[in-house]
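To start, the structure itself, in structure tokens.
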Amino acid sequence: MNKYIFAILFLVLSSAVVAQVPNQQRFRVPTGGGSDTLSYLNPKEYIIGGVTVSGIKNLDKDILLQIAKLNKGDKITLPGDASAKVIKDLWTQGLFDDVKLNVTKINVDTVYLDIAVQERPRLSRLHMTGARKGEIEDLQKSLNDKTGKIVNENLFNTITTVIKKHYNEKGYLNTTVDIKQRPDPGDANNVILDVAIDKKQKVKIAHVYFEGNKAMSAAKLKGYLGKTKEKKFYNIFGSKKFKETQYTEDKQTLVEKMQGNGYRDAEVMSDSVWKNTDNTVNIKLKVYEGPKYYFGNVKWSGNARYPADFLNKVVRIKKGDVFSEEELTKRLSGPTANSDDVSSLYLNDGYLTYNADPVQTRVYNDTIDLDIRIYEGPQYTINKVILKGNDVTNDKVVLREITTKPGQKFSKEGIVRSTREISQLGNFDEQKIDPKPTNINQADGTVDIVYNVVEKPSDQVELSGGFGGGQLVGTLGLTFNNFSLRNIFNLKAYRPLPKGDGQKLSLRGQANGKNYQNYSFTFSEPWLGGKKPIYFALSAYTQLSSTGDYLPKTDPNYNYLRINGIGVTLGKRLKWPDNYFQLNYSLNFDHYKLDNFTGYLFSNGTSYNIKLTQELSRNSLDAPIYPTSGSNIKFTVQATPPYSLFNNTNYAIATPEQRYHFVEYHKWKFDAQWFEKIYGKLVFMSQVRFGFLGYYNSAVGQSPFERFKVGGDGMQSYQFLQGSEIIGLRGYKNFSIVPVGSNYTADTNPGSPIYNKYTMEVRYPVIASQSATIFMLTFAEGGNVWNSFSQFNPFNVRRSVGVGARIFLPIFGLLGLDYGYGFDKIPGIPDANKGQFHFSISQSLNGGFN
């Protein structure tokens, strides 16, 4: 009786162990009662004669045997706990859908075992739906490493977490992920996971509440949450979406701003975020302000180079000012907007290892005394200037622009200026120019400076077709911005043309067959001779516009225009008033031949335009493509010889051909731009432009050439109007701004002798990288033209507003698209204003005068 009770208990206990793995038979033994069978009533110790593994496809047999801990020659009691443990150890690996331990053979006291497994399927690929193509591509990159993994609950959880995190960071807090698996038709042991994504709507912030603030208003505190904004119509620039990472950053910023207002002990005591509606949340922040503190006595220690009185003037902190650690740190260690902090003072004077440590020596009532402890260190001299990363551009092209020379004192200002000059070359990614002091030798007070640069494509291609002047015109333009003339005969230097010397070669052609052709060539060298920054440029062009192939010369509609021109420019960088100034002189010769050609003040004859131009400019913009600070100012005077004073021509009876045979005029222009950061990456640009074309002799009158045509995109892509200066004014049709009282149309407008224009833009960068720069803008501008100074009124302008975008691609240059709305009607040109789209290509960088 006891024997049977023991057997029943043994079977129950064995079943309890095996039941840890549901619905599977785990240990199979031969039955039948012979000498080679096992009995649960009589467990027996055996020697393992061998172990095999069956059912594996992707796993390693030896590793499974190590996990099972079944070795030939070991002893094992069967049936018993050992067999159950083997199954349990293998099952917990999470690699199998089924695990069995089978006895394949028993020979007296020797047993032979087989571990039979059924591997779980593996992931062959993810098939995602419910998201945009770009989003799916980003998610696939994040989940690429999951391919080939065992498909189990852990994998499902990982995929769900990655997807939800991706969308949570974008403000989609209610994203759901549904994952289903199906067999892979190409591989029976693999499965495809169908991932259905529903990101729902973005969750925005309904209300932000504050508790505990007494001195500071809730409105002011909300203003410190730069990226956590309520869903209000007036929150134009701040994001209204709730993003956890931005919210965390904003809480830290909030504390810093409160402390910057004198509340030194300020902190966020607690905060909570709760659901308001399905797509909005509320936020509550409990803050502690504490007392408001003020600066007390300020003492300086360790300052040998500059006296305390002078440092007090630089740091601009007086006893009684509101205490702000943020402002104190900025004025001691920078950066400040004008580099007028104490660190700039020392670093520009060679003190590379300068350090300032403001110690709060006494806190009493609401006042804090400071001891600002200065470590000046030695003055450092530049030992070497090293350039790295210029794989195409020759060293000399970059090094000649660098103002930090060996033997000079170390200067932070010099490094900043050198970085700007390198970026102005246009051959390197402005975002990746990285100057670093290295090899700082305190013993001899020397330091090396390494300028790390990354080359970018600088050559540009213009390939386009379109309508101009009522006909289809094709354009091909090639600009090589890093040309090398000295290697023109060195075939090994062609890539596809010789490059590396910083010269510029531009070739451009336009044609629609024999009736319109325009070809131009420009070459420039910024360092003529290679030793001094003397700018040299040579240009030439020829243009033909004619109906000659279609109409005989006797036809009244026949017309012909041929223009040839050549010019040379010499310029020099100035050191006074400062070294941002440049002075250029240009001498140009233009030849015009007209036969029944309208659009100028005369239609038949030959005209010569010999002009000398002086241009004084100052360009302090911090970047050529997307400036954020600085200015670009140009003052230009252009003049021809006063032929009428010595050619003995009676202009009272002269024919138009005689009157304009030698064109005479004087021309004055002023162009100025200013850039300033408003908030974050937002940049404000203001621009003023003015032009005046004068004459020497009233009997001769105004020149038929060099006039100003205002309105439209400002492009001269189809240069039928060579000899006129094109000024853009968005929101109006091309050339539609004509003087009040004139009867000109946009097509017959010969240009005006006086114009002015004002522009304001707010710009925001979307992408700023080596491959592309994209920024959005809003604008308001106004401009007008006049025939004489007696009519001139700088406040009577044609007004417009609009939005636009600029895309800079290294190979194509600057592309622009604007939509402008012109408010003012132009008499005689009914379609001149209101909504207008404008497209521009390859307009100038360095701010660009639009």
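For the stretch 422-436, how many residues meet the condition of being modelled with pLDDT of 90 or more and either assigned by TED's automatic domain parsing to the domain that holds E525 or acidic (D, E) (or both)?
Here the count works out to 1.
Which one of these does T606 not meet: (1) among the β-branched types (V, I, T); (2) outside the structural domain of P704 (by TED's automatic domain parsing); (3) under 30 Å from S418 (Cα atoms)?
Only one criterion in (1) among the β-branched types (V, I, T); (2) outside the structural domain of P704 (by TED's automatic domain parsing); (3) under 30 Å from S418 (Cα atoms) is unmet by T606, namely (3).
Which one of these does K222 not meet: (1) farther than 30 Å from I374 by Cβ; (2) in contact with an Asp or Glu (Cβ under 9 Å, 6 or more places away or on another chain); (3) among the charged types (D, E, K, R); (4) not in a helix (DSSP H, G or I)?
(4)
Residues that are crowded, with 18+ Cβ neighbours inside 10 Å and at pLDDT 85 or above: list the strands (runs of 3 or more DSSP E) wholly contained in the stretch 455-550 that include at least 1 such residues.
Strands (runs of 3 or more DSSP E) meeting the threshold: 471-483, 503-511, 516-525, 534-546.
So, in the stretch 336-345, exactly how many residues are buried (at least 21 other Cβ atoms within 10 Å of the Cβ) and either among the β-branched types (V, I, T) or at pLDDT 95 or above (or both)?
1
If you take the residues of the stretch 582-617 that are part of a loop (DSSP other than H, G, I, E, B), touching a Leu at 6+ places or on another chain (Cβ under 9 Å) and touching a residue at least 60 places away in the same chain (Cβ under 8 Å), which of them is farthest from S539 (Cα to Cα)?
Looking at the filtered set, the residue picked out is F602.
Can you pull out the strands (runs of 3 or more DSSP E) entirely within the stretch 655-719 that have at least 3 residues that are over 30 Å from L472 (Cβ atoms), β-branched (V, I, T) and modelled with pLDDT of 95 or more?
Answer list for the stretch 655-719: none.
Picking from I163, I115, which residue would you name as being of a type in the set (A, V, I, L, M, F, W, C) and assigned by TED's automatic domain parsing to the domain that holds I56?
Matching residue, one of I163, I115: I115.
So which of V117, V86 ends up being touching a helix residue (DSSP H, G or I) at 6+ places or on another chain (Cβ under 8 Å) and either of a type in the set (K, R) or in a helix (DSSP H, G or I) (or both)?
Result: V86 is the single residue among V117, V86 that is touching a helix residue (DSSP H, G or I) at 6+ places or on another chain (Cβ under 8 Å) and either of a type in the set (K, R) or in a helix (DSSP H, G or I) (or both).
Tell me, which residue of the stretch 208-253 that is of a type in the set (K, R) and at pLDDT 90 or above is farthest from T277 (Cα to Cα)?
Per the criteria, the residue is K214.
Tell me, please, whether a residue that is among the aliphatic types (A, V, I, L, M) and in contact with a Pro (Cβ under 8 Å, 6 or more places away or on another chain) can be found in the stretch 179-192.
yes
Out of curiosity, is N579 within 33 Å of the chain's Cα centre (by Cα) and either part of a strand (DSSP E or B) or at pLDDT 90 or above (or both)?
Yes: the conditions hold for N579.
Scan the stretch 303-313 and give yes if some residue there is among the small types (G, A, S) and free of Cβ contacts under 8 Å to residues at least 24 places away in the same chain, otherwise no.
For the stretch 303-313, residues among the small types (G, A, S) and free of Cβ contacts under 8 Å to residues at least 24 places away in the same chain: present.
Could you list, in sequence order, the residues of the stretch 138-173 that are buried (at least 17 other Cβ atoms within 10 Å of the Cβ) and touching a residue at least 60 places away in the same chain (Cβ under 8 Å)?
The answer is N168, G171, L173.
Please go through the stretch 368-404 and give me each residue that is under 37 Å from the mean Cα position of the chain (by Cα), touching a residue at least 24 places away in the same chain (Cβ under 8 Å) and not in a loop (DSSP other than H, G, I, E, B), ordered by number.
T381, I382, N383, K384, V385, I386, L387, K388, K396, V397, V398
Within the stretch 267-318, considering only strands (runs of 3 or more DSSP E) that don't extend past its boundaries, which have at least 3 residues that are in contact with a His (Cβ under 9 Å, 6 or more places away or on another chain)?
280-288
Output the residue which, of all residues in the stretch 73-108 that are over 23 Å from N42 (Cα atoms), without any contact (Cβ under 8 Å) to a residue 60 or more places away in the chain and surrounded by fewer than 18 Cβ atoms within 10 Å (Cβ to Cβ), is nearest to the chain's Cα centre (by Cα).
Q93
The values are calculated or read from the model by the stated rules, or taken from the named source; none is laboratory data. Note that the coordinates shown come from a computational prediction; the quantities given were computed from them, not determined experimentally. So basically every Cβ, Gly included, is an ideal-geometry build from the backbone, and we count neighbours across all protein chains shown.
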